Each structure stands twice: as structure tokens, then as C-alpha cells.
Amino acid sequence: MRSTGENQKLKNVKLEIAFIGAGNVAWHLAHAMDKAGHSISQIISRTEESAKELAVNFGAHFSTNLNSLYAKNDVCLICVPDDQLEMVLEKMPPVNAILAHTCGPKPMEMLYQKSSVYGIFYPLQTFSKHRELNMLEVPVMIEASSPIAHQTLFSLADDISNRVMNVNSEDRRKYHLSAVFTNNFVNYLYSLSDQYLEMNQLDFEVLKPIILETAEKIRSMKPEDAQTGPARRGDIHTLEKHIEMLGENSELKEVYELLSKSLIAKYKR
């Protein structure tokens, strides 16, 4: 949703933005913000190599030293894995910039000792470096400690995405949990399928059309209505045959049985 009413956009304001972290999220956000006309001033990362790899795209300063953050920065975005956020905050000095993190399950209050203006800038997407991605379609969830922090972060998100949302911490954590089911767990199932086919000298590429069609159906159908397969039909004979085919592969068998039982119970209802 585009910004309207209370979400007034800061027009023609070029922000100086520093990134702490140089991984997948920082890579995509920095490129999108640079493309939108903002200045990427600094990249600070655990390793000089990763910081430099991203910084050279913008002529930005790069470092491994959190104490080198510029006083002139308007926004400082912490783009590190969830389990590293607390460690980064312990090491970094207080900043004058609007400070925001990109972690889905972490509250914004973690930032209050490092800046008087802070918030959340959470893009709900799976990111991989160097892989092209249309940021305009990525939902960006905003939460802020003050009106100026909200206006700045919302405007910055609005510059790179058509789907900017005001989402509180509790709801954001629920979105993050749901994303684990729809992305992380589903991708794990892809890897199990790939593993099974490799063991049988077969080609995972053959499954890509059905993977894409399954995802495409969700654009116009509820997931519950799009469900197909032997467990959905209650086809016990096919299910037993599949379990037999898995033989001694306990990992695949356990996952297959668990999901099949869950599907049978759901659609019996």
C-alpha cells in the first residue's frame, strides 16, 4: 500500500544511510536505496572483504569498526541475522542517526539505548546476494519510536517498495513465524525431494514446473482450496506404497508420515 494521509512522504530528501551488515538483506536494500537516489555512506561488517564487496558499488566508506560510524548519517540500518543483533548493539556506540533494524522477531525497544529515535525496517522476503529481485513487490513493515522516525523510515520504504505497512511488533513476529512455514520449511521440503531424486539418479529439474504452478495458484486461490494429492484424497493405499518406497530413509519417512497424517486429519474435518 502506498503512503497516504498520516504517512506523509518526505519529498526530494536525499538521505545519508549507513549499513551495519553486508549480507543478503543489506545487499538488496542498499542497491534499492541507491537506485532511489539516496546516498549509501558506509558499510560496516564483521569482515573487511564483505564490507568492501558491497561498498564499492556506491563509493561508500567500508570498515569493520563500529566506532567509525559517521555523525552525519541520517539513517543507520542494522542488517544482521536475528541472533547477532544483541551482540552488535553491545559493541556499537550511540548514534545521532535514526537507528533501525531489519529483524522480524526482535522488538524495536532493543535500540533505545543507542539512539533517541529508532524503529523497525523489516522487508518480508527471502534474499540472496546477486540474485535479481523486484523490491517494489516486497512488503516492508515499519514501526517507529517517534513521528520523525516514522516519517523518515516510512518515506524511505516508500521509495523502494509499493507495499509499505505500519505493523506493530506483535503482528510482525506473527508474520515472521508464518514466513518460516511458507519459505524456510517449504524450501527444506524441496531439498528433501532433491536429495531423494539424486539418490535415485533422477533429475530435480523435472519438478520445477509443478513447483512454480503450486506457487502461482496461491495468487488466486486460498492454500486450503489449492491442496491436492493422496493425503488430501485420503488415498491410504498410495500413502502406504510411498512409505514403503522410502525404505530405510528415516528422515524422509518421518516427514512424509507426519505431513500425511496432518493432511488427512485436516481434510477429514
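Ala100 - would you say it is buried (at least 20 other Cβ atoms within 10 Å of the Cβ), under 20 Å from the mean Cα position of the chain (by Cα) and either of a type in the set (Phe, Trp, Tyr) or over 21 Å from Ser39 (Cβ atoms) (or both)? Criteria not met by Ala100.
Figure legend. Inter-residue proximity from segment 245-269: first residues over 19 Å from Ser193 (Cβ atoms), second residues outside any helix (DSSP H, G or I), beta-carbon distance below 9 Å, spacing 6+ or different chains. Indicated pairs: Ile264/Gly234; Lys266/Gln227; Tyr267/Gln227; Tyr267/Gly234; Lys268/Gly234.
For segment 170-184, give me each residue that is farther than 24 Å from Ala32 by Cβ and touching a residue at least 40 places away in the same chain (Cβ under 8 Å). Scanning segment 170-184 gives Arg173, Leu177.
All of (1) farther than 20 Å from Met33 by Cβ; (2) buried (at least 18 other Cβ atoms within 10 Å of the Cβ) hold for Thr64 with one exception: (2).
Taking Leu246, is it closer than 30 Å to Phe127 by Cα and among the hydrophobic types (A, V, I, L, M, F, W, C)? No: the conditions fail for Leu246. The single condition from (1) part of a loop (DSSP other than H, G, I, E, B); (2) at pLDDT 95 or above; (3) more than 19 Å from the chain's Cα centre (by Cα) that His150 fails is (1). Condition check for Pro105 on (1) out of contact with any Lys or Arg (no Cβ under 6 Å at 6 or more places or on another chain); (2) in contact (Cβ under 8 Å) with a residue 40 or more places away in the chain; (3) under 17 Å from Asn168 (Cα atoms): one failure, at (1). Looking for something among the small types (Gly, Ala, Ser), assigned to a helix (DSSP H, G or I) and either touching a Pro at 6+ places or on another chain (Cβ under 8 Å) or exposed (fewer than 13 other Cβ atoms within 10 Å of the Cβ) (or both) - is there at least one such residue anywhere in segment 121-136? No - not one qualifying residue is present in segment 121-136. Tell me, yes or no, whether segment 170-178 has at least one residue that is under 18 Å from Pro81 (Cα atoms), touching a strand residue (DSSP E or B) at 6+ places or on another chain (Cβ under 8 Å) and of a type in the set (Lys, Arg). Looking for residues that are under 18 Å from Pro81 (Cα atoms), touching a strand residue (DSSP E or B) at 6+ places or on another chain (Cβ under 8 Å) and of a type in the set (Lys, Arg), one finds at least one in segment 170-178, hence yes.
Annotation note: Cβ proximity below 9 Å between a residue of segment 134-150 that is free of Cβ contacts under 8 Å to residues at least 60 places away in the same chain and more than 19 Å from Arg172 (Cβ to Cβ) and a residue that is among the hydrophobic types (A, V, I, L, M, F, W, C) and surrounded by 23 or more Cβ atoms within 10 Å (Cβ to Cβ) (sequence gap 6+ or interchain) occurs for Ile148/Ile98.
Would you check if there is a residue in segment 47-60 being among the aromatic types (Phe, Trp, Tyr) and touching a residue at least 40 places away in the same chain (Cβ under 8 Å)? For segment 47-60, residues among the aromatic types (Phe, Trp, Tyr) and touching a residue at least 40 places away in the same chain (Cβ under 8 Å): absent.
The values are calculated or read from the model by the stated rules, or taken from the named source; none is laboratory data. Source: prediction; values computed, not measured. We place every Cβ from the backbone using ideal geometry, glycine too, and count neighbours over all the protein chains shown.
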